[in-house]
Amino acid sequence: MVKVGKKAPEFSVAAYDSGDFRTVSLTDYKGKWVVLFFYPLDFSALCPTEVTAFNKHLDEFRKLNAEVVGASVDSKFSHKAWDEKELGGVQFPILSDFNKEISNRYGILDDRVNAAQRGTFIIDPEGILRYYVVSDLGIGRSVAETLRVLKALQTGEMCPAEWAPGEKTLGK
C-alpha cells in the first residue's frame, strides 16, 4: 500500500512516448519531481480531457523540475492509436499497465471495471511519495490544483488552506 512520506512503488514498463515506444521506469526521473496520473481507459469520454489538460500545462510542470507521466491499463498500441486519432500529440509518456501491476501497487485498481481509478501521485526527486488523491471514475481532476500542490510542496514549508503561489506560508 502506498503511503505519503514513503518510497513510491517502482515500475519499469512499456510506454508510448511522443510518437515512439520505450520502456519507462520511475528511476529514470531521479532528481526530478514526478506527477504520475492514472486514468481508466483510452477512447473514453472523460479521459481525453484530462490527458490533453496535462499536455497543455506540460511546460509549466517542466519549469518546476517536474515530469508528467500518464498511465492506464491499455496497451502501448492503444495509446498510440488514441493519440494519433483523438489526442493530437501528447508530449509525455503514457505507461501501459496492461497487466495491472502498477495500478495494484499504487492501490487504485478498481475491480468493478478492471481498470485504474483516477489517481494523481506527486513524487519528489528522491522517489518519496509526497501527495496523492484518488477520485471517482466520473470526476475529472484539476490540473491547476495539481500545479498548486506541486508548488506548495516545493516551498518545503507548511502551506495553509487555499494557499496560492506567492502568498505567505506558515513557515519561516
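The values are calculated or read from the model by the stated rules, or taken from the named source; none is laboratory data. On a predicted model such as this, the values are computed, not experimentally measured, just so you know. Cβ placement follows ideal geometry from the backbone for every residue including glycine, while neighbour counts extend to all protein chains displayed. We work out accessible area using only protein heavy atoms, side chains counted, and drop any ligands, DNA or RNA first. Shrake-Rupley method; radii C 1.70, N 1.55, O 1.52, S 1.80 Å.
Over the residues of the chain, the helix contribution to mean residue ellipticity at 222 nm works out to -6500 deg cm²/dmol, using -39500 (n - 2.57) for each DSSP H run of at least 4. With viscosity set to 1.567 mPa s at 4 °C, what whole-number translational diffusion coefficient in µm²/s follows for the chain from Stokes-Einstein and a Kirkwood radius over Cα pairs? So the translational diffusion coefficient is about 80 µm²/s. Across the stretch 9-88, the convex hull enclosing all Cα atoms gives 91 Å³ per residue. Counting only protein heavy atoms and a probe of 1.4 Å, the accessible surface of the chain is 52% carbon and sulfur.
Annotation for Leu170 and Glu86: the two label points, set 7 Å from Cα along the Cα-Cβ direction, are 4.1 nm apart. Express in Å², to the nearest 10, the accessible area of Thr49 obtained by rolling a 1.4 Å probe over the protein heavy atoms while all chains stay in place. Looks like 80 Å² after rounding. Note the angle between two axes, namely the Cα long axis of helix 143-155 and the longest principal axis of the Cα atoms of the chain, as a number of degrees from 0 to 90, rounded to the nearest 10. For helix 143-155, the angle is close to 40 degrees.
If only the Cβ of Lys and Arg carry +1 and only the Cβ of Asp and Glu carry -1, the dipole of the stretch 1-74 around its Cα centre is close to 440 debye. In terms of its C-alpha gyration tensor, the stretch 102-155 comes out oblate, because a/c is 1.5 or above while a/b does not outweigh b/c.
For the chain, a simple Cβ point-charge model (Lys and Arg +1, Asp and Glu -1, everything else neutral) yields a dipole of about 480 debye relative to the Cα centre. Between Val134 and Lys30, the modelled labels are 2.9 nm apart [label points 7 Å from Cα along Cα→Cβ]. Whole angstrom only: what separates the Cα centroid of the stretch 103-125 from the Cα centroid of the stretch 21-35? If you average the Cα positions of each part, the centres end up 17 Å apart. Mean separation of Cα pairs under 8 Å and 6 or more residues apart, divided by the residue count, gives the stretch 14-172 a relative contact order of 26 percent.
Over 18 Å apart: what share of the alpha carbon pairs of the stretch 58-124 falls there, rounded to a whole percent?
Percent of Cα pairs beyond 18 Å in the stretch 58-124: 45.
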